[in-house]
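Let me begin by presenting the structure, written as structure tokens, before commenting on it.
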């Protein structure tokens with residue numbers, strides 16, 4: 001009888017260790033999503049337990065057109081992965097608050113992040129109204145409630 005109890009206990013312990021091993025990456029990913037989404041309260045406090053310390057520094061990337069200013073976000077521990085994040089069409093460039101927050105969150109999850117300051121992105125502007133094909137309704141599609149009629153020719 002005692003042997004069966006020990007065997008059952010061993011099977012249960014192996015199952016628990018296996019479940020923890022399988023669930024760990026999912027819990028790690030969920031904690032990142034909670035932090036990146038800006039969730040507050042108990043969920044945030046629990047997610048912050050999974051965050052690692054990170055630090056950032058300015059770097060210069062040599063290119064054919066001259067030096068390129070960039071920022072490197074590094075986890076306090078060594079990182080096996082590195083990702084490149086670009087600022088998009090924001091005039092603040094690599095100082096854009098949402099980009100900085102995302103880079104810090106990714107870095108606190110163990111990924112080294114490089115954000116280059118691409119000057120040509122800073123001066124770009126999106127047109128007030130897109131004239132691309134995605135802004136037009138397909139032929140024969142009637143507007144539903146809440147749509148505004150336009151004078152477009154189909």
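The values are calculated or read from the model by the stated rules, or taken from the named source; none is laboratory data. Predicted model only: the values in this text are computed from it and were never measured. Neighbour counts are summed over all protein chains in view; Cβ atoms, including those assigned to glycine, are modelled from backbone coordinates with ideal geometry.
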- If residue 8 passes every condition in (1) at pLDDT 85 or above; (2) closer than 23 Å to residue 114 by Cβ; (3) not assigned by TED's automatic domain parsing to the domain that holds residue 115 but one, which one does it miss? (2)
- Query: in contact with a helix residue (DSSP H, G or I) (Cβ under 7 Å, 6 or more places away or on another chain) and at pLDDT below 85: does that describe residue 3?
  - Reply: no
- Message: Restricting to the stretch 62-81, name every residue that is surrounded by fewer than 12 Cβ atoms within 10 Å (Cβ to Cβ) and either in contact with a helix residue (DSSP H, G or I) (Cβ under 8 Å, 6 or more places away or on another chain) or closer than 26 Å to residue 52 by Cβ (or both).
- Response: 77, 78, 80, 81
